[in-house]
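Notes for the one structure printed next.
Bear in mind these aren't lab numbers, they're just calculated from the coordinates by the rules spelled out. Bear in mind that the values here come from a model prediction, so they are computed numbers and not experimental data. Positions of Cβ are generated from backbone atoms using ideal geometry, with glycine treated the same way; all protein chains shown enter the neighbour counts.
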Amino acid sequence: MAPSSFSEESLRSRHAFRARLARIFVPFALSVLLSSLPALAGDVIAIKAGRLIDGTGAPPVDGAVVLVEDGRIAAVGADIAVPQGAHVIDLSGKTLLPGFIDAHVHLAGRYVGEGQNWENKAVRDLPQKEAILGVRNARLTLEAGFTTVRNVGAHEFSDIALRDAIREGVVPGPRILAAGHAIGITGGHCDTNGYIPGVAERTPETGIADGDAEILKAVRTQVKRGADVIKFCATGGVLSEGDAVGAQQYTEEEMRVLVTEAHLTGRRVAAHAHGTEGIKAALRAGVDSIEHGSMLDDEAIRLFKAKDAFLVPTLMAQEAVETQAKSGILKDERAKKALFIAPRARESFRKAAAAGVKIALGTDSGVFQHGKNAREFVLMVENGMKPMDAILAGTKRAAELLGIEAEVGTIEKGKVADLVAVAADPLQSIATLGEPVFVMHEGQIIVSK
């Protein structure tokens, strides 16, 4: 006999299901509510900060006041009077900083190790699911104090859909600059490999392009669909199958064609590159940033400086894949590549930082759980960067890389009110950046503890 719909077992199952729904949707609903609140429209918000690090590189200012009006910074300084009738937010004893910027994330879809069959998510997960998971990931990222991100690759333009939903106020999340599909060679790191013919076959429209004509088509299609930035794979990677992690994957001439076309459209170019020769070819081709930069030699360092290019080191990703290889989440060739590349990436970062290469914070969030992005500050400091320089890498420098330094990245009059407060002094304890007590995005309060 079939069990009654009101049996004990059925009721327990329903209660468990409702509890799971509550854990998923209650935090989301609260975030939506907070994001929909106006920034006290028509009012002035006066934020009293115990300490201000404005992101310009200037020394901290004690007892500063930041006035926010209509989502922008109206005034900032230690000698600013609080206007009568202003809404006062007292952050005495706290450190106020610009909203953080992560120049390398993958918000859409599952992170590495999430759920069953995560290795096959490219052929199991619908792009609609990836966008929905992106809503969760975007909220976690924003609540962690990262008010701007650059999303460097997603399937079927799910990152662009997420970006637009956030811009329109449908869901909460950081400001997103999106790449659409990352571009790469057939069988390379940007491709989906290891399946029988007919499965996960991709075209220039979906980022897989060989030769000049297909590369032009791939770039132009990403632009047509709304990409803000162009990302391509200049070398192999850790998580892809069938390619060596450091092997160059486009000729220098092909890279030059891609970069020239992207720049003609007004888009900057990010190049995934672990291996030395691929890094140098991409720099000579004129890319704006090298992502990972895991195997740098002296010539690569000189090219970074000569070309005025940025390194986005993603130290968190290196730490994550190393841990995943040791724990068994990554297996076989992926594990071997992870254990090979991680220590070399840290050494390359130390060389680049010491040489004065321009560095912008990027985490590769999506290789690990979202919302943990601030650990990148810690890893940069642990690997030789001064705390103030690490803060600049995640604020002013990252904004410069993204080309939005006129709007965000520092706390200055006229800029967007993206602000983060932490309890301690990050110049003394950089890890405090991972525990924001206050987050404001475009003048709206997202977190207030």
*Which one of ARG124, ARG267, ARG284 has the biggest mean-square fluctuation once the chain is modelled by GNM with Cα springs under 10 Å?*
ARG124
*Size of the dipole of segment 113-259 about the Cα centre, Lys and Arg at +1 and Asp and Glu at -1 on the beta carbon, nothing else charged, in debye to 20?*
620 debye
_I want to verify a result. In a Gaussian network model of the chain, Cα cutoff 10 Å, which of these has the top mean-square fluctuation: PRO313, PRO174, PRO60?_
PRO60
*Dipole of segment 100-402, Cα-centred, from +1 at each Lys and Arg C-beta and -1 at each Asp and Glu C-beta, to the nearest 20 debye?*
760 debye
*Have a look at PHE349, ALA374, ALA178 and report the one farthest towards the positive end of the charge dipole of segment 100-402, computed about the Cα centre with Cβ charges (Lys/Arg +1, Asp/Glu -1).*
ALA374
*Report the calculated FRET efficiency for ALA423 and ASP43 (r = Cβ-Cβ distance, R0 = 22 Å), to the nearest 0.05.*
0.25
*Starting from the Cα-Cα distance between GLN369 and HIS263, subtract it from 0.36 nm times their residue separation and give me the gain in nm to one decimal.*
34.9 nm
_Could you work out the percent of alpha carbon pairs in the chain separated by over 42 Å, rounded to a whole number?_
16 percent
*Quick one: net charge of ARG167's neighbours, Cβ under 12 Å, K/R +1, D/E -1?*
-2
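What number comes out for the charge environment of THR363, summing +1 per Lys or Arg and -1 per Asp or Glu over other residues with Cβ under 12 Å away?
So the surrounding residues net to -2.
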*Beyond 19 Å between alpha-carbons counts as too far, so tell me which of LYS129/LYS217; LYS231/LYS351; LYS307/LYS351; LYS413/LYS449; LYS129/LYS326 fall in that bin.*
LYS129/LYS217; LYS231/LYS351; LYS413/LYS449; LYS129/LYS326
*Can you pull the one-decimal nm distance between simple spin-label points at ASN117 and LYS224, each 7 Å off the Cα toward Cβ?*
3.2 nm
*Given R₀ = 41 Å, FRET efficiency for LYS358-ALA244 by Cβ-Cβ distance, to 0.05?*
0.90
*Between GLU412 and ARG124, what is the label-to-label distance in nm when each label sits 7 Å out along the Cα-to-Cβ direction?*
4.8 nm
*In what order do TYR111, TYR195 fall by count of nearby beta-carbon atoms within 10 Å, going from fewest to most?*
TYR195, TYR111
*Which Cα, out of LEU133, VAL149, ILE329, lies furthest along the positive dipole direction of segment 100-402 (beta carbon charges, K/R +1, D/E -1)?*
VAL149
*Quick one: net charge around GLY63, please, counting Lys, Arg +1 and Asp, Glu -1 for every other residue with C-beta under 15 Å from its C-beta.*
-2
